[in-house]
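A quick write-up on the structure given underneath.
The values are calculated or read from the model by the stated rules, or taken from the named source; none is laboratory data. Note that the structure is predicted; figures quoted are calculated from it, not measured. Positions of Cβ are generated from backbone atoms using ideal geometry, with glycine treated the same way; all protein chains shown enter the neighbour counts. Quick note on the areas: whole protein, heavy atoms, side chains included, nothing else; ligands and nucleic acids left out. Shrake-Rupley method; radii C 1.70, N 1.55, O 1.52, S 1.80 Å.
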Amino acid sequence: MKMITAIVQDKDANRLGMAFIKADVRATRTASSGGFLRSGNTTFTIGIDDERVDEVLDIIKSTSHTRKQFMTPAASLDVSLESTASMPVEVQVGGATVFIQNIEAFHHF
């Protein structure tokens, strides 16, 4: 058995959740936020049999997409920086960060 932890952008969370329901993949959904952009994320925690890990990864990959977004860097107290330091910058966001761990034991009470 494996524990899959998938962190996805909020924009992809509903589509991923519905895909999990359709595939009969049970997941716990938790709201989270990223530190870099301070944007909303959703963390899915899934306990799954080893044989279904590739299926779950395919679902995550097909529903979680990267996209470009403009962000304004945080203002700095260092006055020596040029005034262009606070101009919006285009960054890539989204996609999924996935961790897979071995589960030694599983109990359901």
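For SER80, are the conditions met, namely being of a type outside the set (D, E, K, R), modelled with pLDDT under 90, open to solvent by 80 Å² or more (accessible area, probe 1.4 Å) and not in a strand (DSSP E or B)?
Values: of a type outside the set (D, E, K, R): yes; modelled with pLDDT under 90: yes; open to solvent by 80 Å² or more (accessible area, probe 1.4 Å): yes; not in a strand (DSSP E or B): yes.
The answer is yes for SER80.
Listed here are the residues, each with its yes/no results for (1) of a type outside the set (Val, Ile, Thr); (2) in a strand (DSSP E or B); (3) more than 12 Å from the chain's Cα centre (by Cα); (4) at pLDDT 95 or above.
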{"position": "GLY35", "(1), (2), (3), (4)": "yes, no, yes, no"}
{"position": "ILE60", "(1), (2), (3), (4)": "no, no, no, yes"}
{"position": "GLN69", "(1), (2), (3), (4)": "yes, yes, yes, no"}
{"position": "ALA74", "(1), (2), (3), (4)": "yes, no, yes, no"}
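List the pairs whose first member sits in segment 1-24 and is free of Cβ contacts under 8 Å to residues at least 40 places away in the same chain, whose second member is loosely packed, with under 14 Cβ neighbours inside 10 Å, and whose Cβ atoms are under 6 Å apart, counting only residues at least 6 apart or on separate chains?
Listed pairs, sorted by first residue: ASP10/GLY40.
Please give the number of the condition LYS11 fails out of (1) modelled with pLDDT of 90 or more; (2) assigned to a helix (DSSP H, G or I); (3) not hydrophobic (A, V, I, L, M, F, W, C).
The one condition LYS11 does not meet is (1).
Residue by residue through segment 52-68, note down the ones that are within 11 Å of VAL25 (Cα to Cα) and touching a strand residue (DSSP E or B) at 6+ places or on another chain (Cβ under 8 Å).
To start, the set of residues in segment 52-68 that are within 11 Å of VAL25 (Cα to Cα) comprises 52-53, 55-56, 59.
Result: VAL53, VAL56.
I'm trying to understand the selection: among the residues of segment 1-21, which are in contact with a helix residue (DSSP H, G or I) (Cβ under 9 Å, 6 or more places away or on another chain) and open to solvent by 50 Å² or more (accessible area, probe 1.4 Å)?
Scanning segment 1-21 gives MET1, ARG15, MET18.
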